[in-house]
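Below: one structure, written as structure tokens.
The values are calculated or read from the model by the stated rules, or taken from the named source; none is laboratory data. Computed from a predicted structure; not experimentally measured. Neighbour counts run over all protein chains shown; Cβ positions are idealised from the backbone, glycine included.
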Amino acid sequence: MARKPKATPRFDAMLIDEASLASASALLASLDPAMADIMAHAGPPPLRKSDPGFPGMARIIVGQQVSVASAAAIWNRTRAVLDPLTPERILTATDDELRACGLSAPKMRTLRAIAEAILAGTLPLDDLHALPADEAHRLMVQVKGIGPWTADIYLLFCLGHPDAFPAGDLALQEAVRLAFRKRKRPDAKALATFAERWRPVRGAAALALWAYYKVAKSREGV
């Protein structure tokens, strides 16, 4: 008689406080003893939370492909020039205003595309937390300029979605290589497949792996 596939457990809480993250981490440890060892090695994963909604999405876009210091400076100018930072304000801003904030042409296009999608109702940022991570991810990447990494980072950090997993993140890929003693760093596709074992708390796994990566690299003197 064929064995029935093991049912995926449920986890319905958002990772919005230490208690919810602790619960997700406990479930993660029960799903994968190796992750329990990783968390014991690196310590409890820290909660990382950013503002949700359009400002949170905009901050992720602004900070891409620049240094931390540059991202902070550009973000502060963007908030000052485009106050209040809303989809409507982005769409009424001129190119000169956006350039004055330090935004590149691709980032200007992306912010405008996101603003248009929100106002058209095709990108319901306020409702994404109620969707499965894969469905929320699909809706986000349909907007031109939102890539897979951006979508998953928003879901995890701005919404606290427990099952969001940015498989394209290089630090996560390297953490898995180190923690699971792989010969080479997995690419995004391979890591996404590997992470299936951590549903429905892949987000907690990501936080744990980032914490492990930080500890591992600090011990290597990097």
Note on segment 15-28: residues part of a loop (DSSP other than H, G, I, E, B) and crowded, with 16+ Cβ neighbours inside 10 Å are 15
Flagged pairs (Cβ under 7 angstrom, 6 or more apart or on separate chains; first in segment 46-61, within 23 Å of residue 19 (Cα to Cα) and free of Cβ contacts under 8 Å to residues at least 12 places away in the same chain; second surrounded by 17 or more Cβ atoms within 10 Å (Cβ to Cβ) and of a type outside the set (Lys, Arg)) are none
Selection from segment 169-222 of residues that are charged (D, E, K, R), within 22 Å of residue 27 (Cα to Cα) and more than 17 Å from the chain's Cα centre (by Cα) = 197
Would you confirm whether any residue within segment 147-167 is surrounded by 16 or more Cβ atoms within 10 Å (Cβ to Cβ) and β-branched (Val, Ile, Thr)?
-> yes
The residue that is farthest from residue 42 (Cα to Cα), considering only those in segment 164-187 that are in a helix (DSSP H, G or I) and touching a helix residue (DSSP H, G or I) at 6+ places or on another chain (Cβ under 7 Å), is 173
Output the number of residues of segment 117-132 satisfying the condition of being assigned to a loop (DSSP other than H, G, I, E, B) and within 15 Å of residue 60 (Cβ to Cβ).
-> 1
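Evaluate the following for residue 150: is it of a type outside the set (Lys, Arg) and within 25 Å of residue 210 (Cα to Cα)?
Against the criterion (of a type outside the set (Lys, Arg) and within 25 Å of residue 210 (Cα to Cα)), residue 150 qualifies.
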Quickly run through segment 99-116 and pick out the residues that are of a type in the set (A, V, I, L, M), in a helix (DSSP H, G or I) and buried (at least 21 other Cβ atoms within 10 Å of the Cβ).
-> 111, 114, 115
All-but-one check, residue 126 against (1) surrounded by fewer than 22 Cβ atoms within 10 Å (Cβ to Cβ); (2) over 22 Å from residue 109 (Cα atoms); (3) modelled with pLDDT under 95; (4) not polar (S, T, N, Q), failing number (2)
Leading residue by the ranking (modelled with the lowest pLDDT) among those in segment 29-52 that are surrounded by fewer than 16 Cβ atoms within 10 Å (Cβ to Cβ) and of a type in the set (Gly, Ala, Ser) = 43
